[in-house]
1. Label point 7 Å out from E62 along Cα-to-Cβ: which residues of the stretch 12-44 have amide N under 11 Å?
2. Counting each DSSP H run of 4 or more residues in the chain as -39500 (n - 2.57), what helix-only mean residue ellipticity at 222 nm follows after dividing by all residues, to the nearest 500 deg cm²/dmol?
3. With r defined as the distance between the Cβ atoms of D46 and E17 and R0 fixed at 25 Å, what FRET efficiency is calculated, to the nearest 0.05?
4. Counting alpha carbon pairs within less than 8 Å and at least 6 residues apart, what relative contact order, in whole percent, applies to the chain?
5. Using the basic label-point model (7 angstrom from Cα toward the beta carbon), what is the D70 to S179 distance in nanometres?
6. Taking a ≥ b ≥ c as the square roots of the Cα gyration tensor eigenvalues, with a/c under 1.5 meaning rounded and otherwise prolate when a/b beats b/c, else oblate, which class fits the stretch 2-66?
7. Determine the shape class of the chain: with a ≥ b ≥ c the square roots of the Cα gyration tensor eigenvalues, call it rounded for a/c under 1.5, and otherwise prolate if a/b is greater than b/c, oblate otherwise.
8. Nearest 10 degrees, 0 to 90: what angle lies between the long axis of helix 117-131 and the longest principal axis of the chain (Cα atoms)?
Amino acid sequence: MTFYDPDAATGDHFLSEEESIHCVRVLRQRNGDRIRIMDGKGTFFDAVIEEAHPKKCKYSVEEIHRKAPDPYSLHLAIAPTKNIDRMEWMIEKCVEIGLHQITFLQCGNSERTRLRYDRLEKKAIAAMKQSGRAYATKINSLTPFPDFISNPGNGLIKHIAYVPASLDSPHLKETKPNSDYIVLIGPEGDFSPEEIQQAQDKGYTPTSLGNSRLRTETAGLVACHTLALLHS
C-alpha cells in the first residue's frame, strides 16, 4: 500500500488528513503495519505506522529507495476540452504512462476558460500512486497561447500536432530520443491558422500523431504514449 507525502524526506512523518483517512479508516491499517510512502520527487520510503490516527497518521521510516528520473521529459501543452471529465481522464492515463508536465492553453477556439486545479491534482496524485511512478506530474495554470510559445525553451524539441493535408510531416515517433519535448495540442476547434504560423515562427515543428482524426484528449494520450514507447 502506497501513500503520498511530499515532505517525507524533511517533514515530521505525518500523512495528510486525506491520506490518513484512506490509510486508517478505509484500509484499516494499524500501529505496527508496514506501508510505503512516495514523495513524488523520486524517493520511496518503507515505513511503519506508529500512531494510526485517522486525521494525522504518524509513521517512521525504515528504508529509503531512490529512483533515477526518466531519460527524457514531456511537457504537454493542451487546450482543455469543454467537458472537463475528458481532461481528468486524460491526465489520469498520461500520468500512468509517464507525463512530466502539463500546461493548459487558452487558444482562440477554446471553449473552457476555468479549471478546478485541485481536482486535476488529485487525479494526477492518485494515478501516480496507482502506477508506482516516482515523480509527480507538474500541473500549470491556464496560459494564453501567445504567452506560452513566447518562452524560448532552449534545448527543447518543440512539436505542434497539427498537420495540413498538403504537408508530409514526420510522425512523433521519428523524433530524437532522450530529449526534452514540448507537444502542443489544440482545442476541439483546432488551432487557428494564425496560431499555427506563430508556433512555427517560434520553432515548433508540425508533427503527425497518425492518420486518424483524434479528439483533443486522445491526441494528448497518443503523444504521451508514443514518446514513452520511444524510450521503453
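1. Answer for the stretch 12-44: 32-36.
2. Values: 6 runs with 63 residues, N = 232.
Rounded to the nearest 500, the figure is -8000 deg cm²/dmol.
3. Values: r = 23 Å, r/R0 = 0.91.
The calculated FRET efficiency here is 0.65.
4. Values: 448 pairs, mean separation 47.2, N = 232.
That works out to 20 percent.
5. For the pair D70/S179, the computed spacing is 1.6 nm.
6. On the way: a/c = 1.81, a/b = 1.51, b/c = 1.20.
Since a/c reaches 1.5 and a/b is larger than b/c, the shape of the stretch 2-66 is classed as prolate.
7. Working: a/c = 2.73, a/b = 2.10, b/c = 1.30.
It comes out prolate by the Cα gyration axes.
8. 70 degrees
Computed from the coordinates by the stated procedures, all read-outs in this text should not be read as laboratory data. Just so it is clear, the structure is predicted and the values come from calculations on it, not from any experiment. Quick reminder, even Gly has a Cβ in these numbers, built from the backbone with ideal geometry, and neighbours come from all protein chains shown.
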